[in-house]
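Structure, as structure tokens:
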Amino acid sequence: MLLDLIEKRKSVREYLEKDIPKEDLKKILKAGYLAPSWMNSQPWKFILVKNPETKTLLSQLSGNQPHVKNANALIVCIADKKGWSKEEFGKVLAARGIGESGREKIFNIPMFYPPLLGEDKVLLRTVEQVTYAVSYMMLEAKDLGIDSCIIGAISNEATVRNEELMKKVNEVLNLDENEVIITMITLGYAKEETPTNKIRKDFNEIVHFERKGNKIDF
Ligand SMILES: Cc1cc2nc3c(=O)[nH]c(=O)nc-3n(C[C@H](O)[C@H](O)[C@H](O)COP(=O)(O)O)c2cc1C
């Protein structure tokens, strides 16, 4: 059951020195590739990183978090703001069978076309899409017996900017200024089996029935 897997998944920050098979890495990436996105916009790129020097650089980007360096592999998850350009977004709309006049209509509706609402909204909407793919990849990894941790504490457009480091990372990963690293997923096999310790707010504080304040009583 998927819920069992979700309950078992936890953030793992210490890994064995054991290689993840390539086929498994590909399956994890495929899970992200197949994730849903708004109008199928797919404004993302996922870069698999195995190179130790690149991992060290990315660890620096995360404020030197050791698990970024020590993970067997990393998936760098990138919000690609170009995904909303008329050209790129137009292509995915056309692939859905939306003709030229339909596409032009969409490009003029702020609800459907974030660039009409400004830069911040474009980033917000792009990040929104990437997070679904991240969840898919983490769960596929867990299903393959591979542990992970999301790394969101990184220098990027949404947090603090370390321009020099970001420039270096962009060069190494071959990213342009529209491609923003949102998250990295560390991947590896847990060094030790620790109990799944789900510290969460009270279920009824978060989940409601029909209207906020009504408990789910089933
Ligand atoms: C968006 C996001 C960013 C995160 N950033 C980091 C991070 O930079 N470093 C880290 O060690 N864990 C990070 N985490 C992991 C959380 O601390 C962890 O998911 C949370 O404490 C719940 O624990 P669990 O994943 O074991 O259930 C992040 C999680 C999310 C969803």
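Of all the listed residues (ALA79, ALA71), the sole one being closer than 30 Å to ILE199 by Cβ, in contact with a Gly (Cβ under 7 Å, 6 or more places away or on another chain), surrounded by 13 or more Cβ atoms within 10 Å (Cβ to Cβ) and modelled with pLDDT of 95 or more is ALA71.
Pairs meeting the criteria (first residue in the range 146-173 and touching a residue at least 12 places away in the same chain (Cβ under 8 Å), second residue surrounded by 15 or more Cβ atoms within 10 Å (Cβ to Cβ) and of a type in the set (Phe, Trp, Tyr), beta carbons under 8 Å, at least 6 apart or on different chains) are ILE146/TYR189; ASP147/TYR15; ASP147/TYR189.
Scanning the range 174-210 for residues that are surrounded by 10 or more Cβ atoms within 10 Å (Cβ to Cβ) and in contact with an Asp or Glu (Cβ under 8 Å, 6 or more places away or on another chain) yields ASN178, GLU179, VAL180, LEU187, GLY188, TYR189, ALA190, LYS191, LYS198, PHE209.
Condition first: assigned to a strand (DSSP E or B) and either under 14 Å from ASN156 (Cβ atoms) or of a type in the set (Ser, Thr, Tyr) (or both). Can you find one or more residues in the range 50-69 that meet it?
No: zero hits.
Only one of these is more than 13 Å from the chain's Cα centre (by Cα), closer than 24 Å to LYS55 by Cα and surrounded by fewer than 16 Cβ atoms within 10 Å (Cβ to Cβ): GLY152, GLY145. Name it.
After ruling out the rest, the residue left standing is GLY145.
Of the candidates GLU177, GLU192, GLU140, GLU157, the single residue that is among the charged types (D, E, K, R) and away from the ligand (no atom under 16 Å from the Cβ) is GLU177. Yes or no: ILE78 touching an Asp or Glu at 6+ places or on another chain (Cβ under 8 Å) and either touching a residue at least 24 places away in the same chain (Cβ under 8 Å) or more than 22 Å from GLU140 (Cβ to Cβ) (or both)? Yes: the conditions hold for ILE78.
Among (1) more than 13 Å from the ligand (Cβ to nearest atom); (2) out of contact with any helix residue (DSSP H, G or I) (no Cβ under 7 Å at 6 or more places or on another chain), which single condition is ILE199 missing? It is condition (1) that ILE199 fails.
The values are calculated or read from the model by the stated rules, or taken from the named source; none is laboratory data. Here the structure is a predicted model, which means the values were calculated and not measured. A quick note on method: Cβ atoms are made from the backbone with ideal geometry, for glycine too, and the neighbour counts reach across all protein chains shown.
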